[in-house]
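Student: Got a structure for you, questions after.
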Amino acid sequence: MNGVTIESARILLPVVITLIAPLFVWLMRKDENKREAVSFIAAAITFMTVLSMAPAVLNGEVWYYHVTTIMPGITIAFAADGLSMVFGLIAPFLWFFVTSYNIGYMRGLNEHAQTRYYVCFAVAIFGAIGVALSANVFTLYLFYEIITVFTYPLVYHHEDEEARIGARKYIVYLMGTSKLFLLPAMVLTYVLVGNLDFHLADIVNGMFTPEVVAESPRLVALTYWLFIFGIGKAALMPFHNWLPSAMVAPTPVSALLHAVAVVKAGVFCVCRIILSAFGTKTAGMLTMSQLFVGAPGTWLGDLSIAHGTAYIAGFTLVVASFIALTKDDIKARLAYSTVAQLSYVVVGVTMLVDAAVQGGVMHIAHHAFSKITLFMGAGAIYVATHLKKISLMDGLGRRMPWTFGAFGIASLSMIGMPPVCGFVSKWYLVNGTLDSNQLPLLVMLLLSTALNAGYFVPILYRAFFKEPAPEANINQYNEASKTMVVPLCITATISVFLGLYPQTFLNFVNILGKF
């Protein structure tokens, strides 16, 4: 572990708060106002406890607490470094806004099983906090699986045939990849290294030392790929199809999946494994030929294993963007947009240069605020109009200017237009491709950006500038309730703030080290 370590049980506070919150949600089940108040209070306290650790982290210190030892080298322990702060701050912060949105959505549609819904939602946040603060692979794995198990009932919430199919695909993909790939990766890591502890606060030197790599390069390379494909929540192709299928869930769940807990846990885990388990030194040393066929000196042999991952992610972001163009259902379009946007994070951390890593890790937070705005906007449109098809939204922006205005700001972020935060992430990523001399990745990023514009701009054009069909009778529609519209306007505003003040999360990335 690099840097000064603060051994304190204080780091357990956000974990404990999010652990007991679901219990209080259930206890207050007979009073819906008190039930929802629990989530508000838990979100606020959790955020403040994580934020209270930030000053020490920014000074280069690492919070750490060992809970128990399962066997030598395998422990349950929690830690907080700069990378932890990025995910650990956004999950409870956005939980607060999604709770307000949940009230408007669930009550507005008079949804059933609301207590079960809120309990599972709270447990998913518990899992996200656990993932953010995990000090080793074993702890990370436990909380990763908690997220999967307790978001399954949320995807299956409507309990119809469509929900059953979507939820089944969701659990099969995520449980299948974790058991077939992630679990063996953890076992191999233990065999090769002797423990599962992350090398925190240092993205250069990982758990896999040069000696381990020199002795067993093929096993280390195999372990790397098992980790990458075992983290199915990152939605890299071909393990991405669960994400669009999960759109059968209520829209607030889609926001949870895409912005707060599930996919953010996925790309965070990829970042943690690459930067804190392998480290940029090991990831740069390993080549594709150490596992796959390819003679040294060939393109395949010279390509580092990390850059190979970047090209898989680059393929994902381009193909997913093309698919998004074809979708008329707004949630389906946003789902494939998420598949693409997640790959920006993976591309960034696998280019192994400062600018790219900075852009990739920042995009975890920047994408979260923008994408949650988009999904909350889609949900507000549905609650107010019961419309899902983009082709039926002509002129609707005139009746719902706040919702579509916030949607427009978040769309600019996805496209990468200043001054919204998505521009900052893409600026760093583009500079990273130039610094690492990866021109094909530069082309992929620019092509994806053009495609982003291709599937977001038509939505805004239809909403604000296209005349509605007379039979549409859009005058019957108005904005959704304030409990839904206000949160999405605030998250859109924060997206602009993060674009103007990117150091908000950049400072946490910078303390991880230079290479």
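Student: What tally of residues in region 397-423 results from selecting those that are among the aliphatic types (A, V, I, L, M) and out of contact with any Ser or Thr (no Cβ under 7 Å at 6 or more places or on another chain)?
Tutor: Adding up the residues that qualify gives 3.
Student: Kindly indicate which of Ala261, Ala324 is open to solvent by less than 30 Å² (accessible area, probe 1.4 Å), modelled with pLDDT under 85, touching a helix residue (DSSP H, G or I) at 6+ places or on another chain (Cβ under 6 Å) and within 30 Å of Gly166 (Cβ to Cβ).
Tutor: Ala261
Student: Anything in region 157-179 that is exposed (fewer than 14 other Cβ atoms within 10 Å of the Cβ) and either under 14 Å from Gly232 (Cα atoms) or not β-branched (Val, Ile, Thr) (or both)? List them, or say none.
Tutor: From region 157-179, those exposed (fewer than 14 other Cβ atoms within 10 Å of the Cβ) are 159-162, 165, 172, 179; that's our starting set.
Hits for region 157-179 are Glu159, Asp160, Glu161, Glu162, Val172, Lys179.
Student: Considering each residue of region 217-256, count those that are more than 27 Å from Lys331 (Cα to Cα), open to solvent by less than 20 Å² (accessible area, probe 1.4 Å) and either outside any helix (DSSP H, G or I) or aliphatic (A, V, I, L, M) (or both), and give that number.
Tutor: Result for region 217-256: 2.
Student: So the check is Cβ under 6 Å with 6+ separation or different chains; which pairs have a first residue in region 346-359 that's open to solvent by less than 10 Å² (accessible area, probe 1.4 Å) and a second one that's hydroxyl-bearing (Ser, Thr, Tyr)?
Tutor: Matching pairs, first to second residue: Thr350/Thr309; Met351/Ser436; Gly359/Ser425; Gly359/Tyr428.
Student: Right, another one. With surrounded by fewer than 23 Cβ atoms within 10 Å (Cβ to Cβ), within 21 Å of Val267 (Cα to Cα) and under 22 Å from the mean Cα position of the chain (by Cα) as the only criterion, which of Phe96, Phe40, Phe47 stands out?
Tutor: Phe47
Student: Do we have Ile20 as under 20 Å from Val260 (Cα atoms) and open to solvent by less than 90 Å² (accessible area, probe 1.4 Å) here? Explain how you work it out, then say what you get.
Tutor: Values: under 20 Å from Val260 (Cα atoms): yes; open to solvent by less than 90 Å² (accessible area, probe 1.4 Å): yes.
Taking the combined requirement at face value, the residue satisfies it.
Student: Being open to solvent by less than 20 Å² (accessible area, probe 1.4 Å), of a type outside the set (A, V, I, L, M) and assigned to a helix (DSSP H, G or I) is true for just one of Thr504, Thr483, Thr449, Thr491. Which residue is that?
Tutor: Going through Thr504, Thr483, Thr449, Thr491 in turn, just one is open to solvent by less than 20 Å² (accessible area, probe 1.4 Å), of a type outside the set (A, V, I, L, M) and assigned to a helix (DSSP H, G or I): Thr491.
The values are calculated or read from the model by the stated rules, or taken from the named source; none is laboratory data. Since the model is a prediction, treat every value here as computed from it, not as a measurement. For neighbour counting, all protein chains shown are included, and Cβ atoms are generated from backbone atoms with ideal geometry for every residue, glycine included. The accessibility values were calculated without ligands, DNA or RNA, using every heavy atom of the protein model including side chains. Shrake-Rupley method; radii C 1.70, N 1.55, O 1.52, S 1.80 Å.
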